[in-house]
Amino acid sequence: MHSLKKYIYNPFAIALSFLLLLVLVFTVLWILIPPPPKVIEMATGFPTGLYYQFGERLKKELASDGVKLEVKATGGTVDNLALLNDPRSGVHYAMIQGGVADVSQYPNLVSIAGMFYEPVWVWYRETSFKSEGGRLQVLGQLKGKRVAIGNEGSGTLALSTALLKISGISEKDIDAEKLKPDQAIAKLNNGDLDAVFIVAAAEAPVLEKFYKIPGIRLMNFDQADAYTRNLPYLSKVNVPRGLLSIQYDLPRQDIQVVAPTATLVTQNNVSPAMISLLLSASYDILKSYSRLQKAGEFPSSLGMDFPLHVDAEIYLKDGPSFLHRHLPFWTAVWVGRFVKIVIPLIVIFIPLFTYIPSAKNFFLRLKLAQVYAELRELEKNALNPDLKERNFKDLEGIERRVNNIKVSMMDAKELYDLKGHVGEVRTRLMHLYT
């Protein structure tokens with residue numbers, strides 16, 4: 001018990017305890033604020049699509065900052081949503097086509113930014129629409145035709161189905177085939193299809209495979225404005241003549257198409273540092289995606305299904321943080337983590353510092369009170385002559401302890417008062433025993 005009291009009253013012990021507490025809290029906060037991962041996986045689409053090509057370019061950009069991106073080829077948006085929503089899949093990010101997801105089914109997903117337009121291209125054989133002058137201008141003309149509407153798991157299938165439904169076309173009205181892009185291209189080339197739906201950015205390599213197919217054209221959506229009013233996730237995009245290919249003169253006239261926005265989506269527990277890194281890298285990549293969008297239009301906070309992550313919103317509005325503007329990525333990450341930890345510590349411990357003088361004064365008074373209690377006990381025993389030697393011995397011990405007490409200038413009076421009272425007790429003992 002005496003050693004415990006000695007520990008409690010020892011200023012060095014108090015300082016050491018405080019330091020250990022500080023280290024403990026710092027360690028806990030450090031664990032609670034983990035660094036961003038150095039290896040991430042992103043679900044994209046077919047290797048011939050722009051999702052995959054965008055992922056590959058993003059991979060190169062991130063590698064320069066020490067982050068390894070694994071690009072996963074998939075069947076498209078629906079597959080990507082399933083992977084992103086499955087914690088066992090290992091997929092952290094995914095490209096998602098606007099208008100496909102039922103957001104209520106994915107409460108843990110958020111958008112980082114819209115990356116580019118993905119027009120709905122409807123390629124058709126002119127000979128299949130002879131009665132209409134070889135032109136396909138409204139989707140109602142597809143009734144009774146053989147049409148590829150996209151493969152299972154793809155955003156093309158989801159969007160083409162929505163467009164056909166709103167156009168009053170049921171599955172019974174057309175001979176629909178759910179084909180992958182390469183399968184649809186082969187069948188269109190062989191004359192086994194009348195039209196093919198494909199959702200892809202103008203820069204997507206898969207579109208080039210349509211250019212050499214003879215006798216095909218691109219549909220002009222005469223009802224584009226009506227579709228965008230009924231399906232708000234769609235935008236109307238004007239496509240100048242020859243934009244896809246000047247060599248093959250595609251399209252052969254100015255056309256208008258409808259387009260959802262391709263969005264980079266992630267889980268809502270994503271590291272803010274990764275959002276900053278991905279957006280920074282995306283800006284550099286999207287400078288070359290200029291066929292349909294204006295310079296600086298993407299990455300964008302518009303046209304997304306999932307709510308925008310708060311850190312992405314800040315980045316898109318104000319740009320990168322001060323640390324990420326002036327420091328290398330990982331340096332900024334570690335400095336940022338340190339700052340996020342130090343600020344809570346300051347908030348926690350600064351109020352404690354205001355109590356240190358009170359606590360110090362309390363312990364001093366407790367120590368002095370113990371001495372006074374021992375002095376009272378001595379005075380009680382002073383009337384017993386048999387306890388003379390013991391009383392003087394106890395008094396000498398008290399005097400030694402009192403002389404070893406260290407106090408600040410502010411507390412010196414209380415110490416000297418105690419010494420005076422100890423002296424008075426010695427004087428009374430000597431008077432009684434002489």
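Restricting to region 359-371, name every residue that is surrounded by fewer than 12 Cβ atoms within 10 Å (Cβ to Cβ) and modelled with pLDDT of 75 or more. Spell out the reasoning first.
Residues of region 359-371 that are surrounded by fewer than 12 Cβ atoms within 10 Å (Cβ to Cβ), as a first pass: 359, 362, 369.
Result: Ala369, single match.
So, of the residues in region 103-147 that are among the hydroxyl-bearing types (Ser, Thr, Tyr) and free of Cβ contacts under 8 Å to residues at least 60 places away in the same chain, which turns out to be farthest from Pro299 (Cα to Cα)?
First, the residues of region 103-147 that are among the hydroxyl-bearing types (Ser, Thr, Tyr): 104, 106, 111, 117, 124, 127-128, 131.
Cutting the leftovers down to free of Cβ contacts under 8 Å to residues at least 60 places away in the same chain gives us 104, 131.
Details: Ser104: 24, Ser131: 43 Å.
For region 103-147, the residue satisfying everything is Ser131.
Tell me, which residue of region 32-49 that is open to solvent by less than 20 Å² (accessible area, probe 1.4 Å) and out of contact with any strand residue (DSSP E or B) (no Cβ under 7 Å at 6 or more places or on another chain) is farthest from Ala202 (Cα to Cα)?
Initial filter on region 32-49 (open to solvent by less than 20 Å² (accessible area, probe 1.4 Å)): 36, 40, 42-45, 49.
This time we only want the ones that are out of contact with any strand residue (DSSP E or B) (no Cβ under 7 Å at 6 or more places or on another chain), so: 36, 49.
Working: Pro36: 33, Gly49: 10 Å.
Among them, the one singled out is Pro36.
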**Report entry** Single unsatisfied condition, Val206 versus (1) in contact (Cβ under 8 Å) with a residue 40 or more places away in the chain; (2) open to solvent by 20 Å² or more (accessible area, probe 1.4 Å)
**Finding:** (2)
**Report entry** Filtered residues of region 372-408 (kept if assigned to a helix (DSSP H, G or I), surrounded by 14 or more Cβ atoms within 10 Å (Cβ to Cβ) and in contact with a Phe, Trp or Tyr (Cβ under 9 Å, 6 or more places away or on another chain))
**Finding:** Lys388, Asn391, Phe392
Query raised in the report: So which residues in region 77-112 are in contact with a strand residue (DSSP E or B) (Cβ under 6 Å, 6 or more places away or on another chain) and more than 25 Å from Leu164 (Cα to Cα), if there are any at all?
Result: Leu83, Leu84, Gly90, Val91, His92, Tyr93, Ala94, Asn108, Leu109, Ser111, Ile112
Requested in this report: Would you mention how many residues in region 135-154 are open to solvent by less than 20 Å² (accessible area, probe 1.4 Å), more than 19 Å from Asp192 (Cβ to Cβ) and in contact with a strand residue (DSSP E or B) (Cβ under 9 Å, 6 or more places away or on another chain)?
Outcome: 2
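Do you know which residues across region 260-272 are in a strand (DSSP E or B) and out of contact with any Leu (no Cβ under 9 Å at 6 or more places or on another chain)? Full working, then the answer.
First, pick out the residues of region 260-272 that are in a strand (DSSP E or B): 261-267.
If the condition is that a residue be in a strand (DSSP E or B) and out of contact with any Leu (no Cβ under 9 Å at 6 or more places or on another chain), then Thr263 is the only one that fits.
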Query raised in the report: Inside region 273-311, can you point out the residues that are closer than 17 Å to Phe54 by Cβ and part of a helix (DSSP H, G or I)?
Result: Met274, Ile275, Leu277, Leu278, Leu279, Ser280, Ala281, Ser282, Tyr283, Asp284, Ile285, Leu286
Requested in this report: Give me a count of the residues in region 195-209 that are at pLDDT below 95, closer than 22 Å to Arg125 by Cβ and out of contact with any Pro (no Cβ under 8 Å at 6 or more places or on another chain).
Outcome: 3
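If I ask for residues that are in a loop (DSSP other than H, G, I, E, B) and open to solvent by 100 Å² or more (accessible area, probe 1.4 Å), which ones from region 409-434 would you list?
Quick first cut of region 409-434, residues in a loop (DSSP other than H, G, I, E, B) only: 433-434.
Within region 409-434, just Thr434 meets the criteria.
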Requested in this report: Would you be able to say whether some residue in region 132-150 is in a loop (DSSP other than H, G, I, E, B) and of a type in the set (S, T, N, Q)?
Outcome: yes
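Would you tally the residues in region 76-109 being assigned to a loop (DSSP other than H, G, I, E, B) and either open to solvent by 10 Å² or more (accessible area, probe 1.4 Å) or at positive phi (or both)?
Step one: filter region 76-109 for residues assigned to a loop (DSSP other than H, G, I, E, B), giving 76, 86-92, 98-102, 106-108.
Those left that are additionally either open to solvent by 10 Å² or more (accessible area, probe 1.4 Å) or at positive phi (or both): 76, 86-90, 92, 99-102, 106-108.
Residues meeting the conditions: 14.
Results for (1) farther than 21 Å from Ala148 by Cβ; (2) in a strand (DSSP E or B); (3) of a type in the set (Phe, Trp, Tyr); (4) in contact (Cβ under 8 Å) with a residue 60 or more places away in the chain, shown as yes or no for each residue.
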position	(1), (2), (3), (4)
Ile198	no, yes, no, yes
Pro214	no, no, no, no
Tyr233	yes, no, yes, yes
Leu243	yes, no, no, no
Val258	no, yes, no, yes
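Among the residues of region 110-132, is any open to solvent by 30 Å² or more (accessible area, probe 1.4 Å), over 20 Å from Lys72 (Cα atoms) and at pLDDT below 90? Before you say what the answer is, go through the steps one by one.
We begin by selecting, within region 110-132, every residue open to solvent by 30 Å² or more (accessible area, probe 1.4 Å); these are 117, 125-127, 130-132.
So of that shortlist, the ones also over 20 Å from Lys72 (Cα atoms) come out as 117, 125-127, 130-132.
Cutting the leftovers down to at pLDDT below 90 gives us 131-132.
The answer is yes, given that some residue of region 110-132 is open to solvent by 30 Å² or more (accessible area, probe 1.4 Å), over 20 Å from Lys72 (Cα atoms) and at pLDDT below 90.
The values are calculated or read from the model by the stated rules, or taken from the named source; none is laboratory data. Because the structure is a prediction, the values reported are computed rather than measured. FYI the Cβ positions are ideal-geometry reconstructions off the backbone, even for glycines, and counts take in every protein chain you see. Accessible surface areas use protein heavy atoms only, side chains included; no ligands, DNA or RNA. Shrake-Rupley method; radii C 1.70, N 1.55, O 1.52, S 1.80 Å.
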